[in-house]
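See structure below.
A short reminder: the numbers here are calculations on the coordinates, not readings from a lab. This is a predicted model, so every value here is computed, not measured. Cβ placement follows ideal geometry from the backbone for every residue including glycine, while neighbour counts extend to all protein chains displayed.
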Amino acid sequence: MKGRELLRHLARKPLLYVEDPDRSRKGSHRTLVSPIFGEVLLGFHDRADVAPGMVRKVFTRDVGLSEEDAMKHLRGKLKEEDASKYMRGSR
């Protein structure tokens, strides 16, 4: 997966990550924020390949999804009600 694809997946519902407008971008490092899930720091160039293990880490450790729900999200099958158990304040 390319860095740009990873950003697109993070921006999709129900995660809704966007680049933080209050923080400047430093090289390939971007701070993404979600009103639901919190903050994630990514350090990938748009065209660079992101290893599968790193994609798994972003979705499980950084975002906080289970591996099963991360795979559902990548396939476009994660519903908002499935993701609600991960939202900030409900952990």
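Before moving on, here are some points about what is shown:
- Residue 13, sole failed condition from (1) of a type in the set (D, E, K, R); (2) assigned to a helix (DSSP H, G or I); (3) under 11 Å from the mean Cα position of the chain (by Cα): (2)
- Meets criteria (under 23 Å from residue 79 (Cβ atoms) and either in contact with a Cys (Cβ under 6 Å, 6 or more places away or on another chain) or not aliphatic (A, V, I, L, M) (or both)) for residue 4: no
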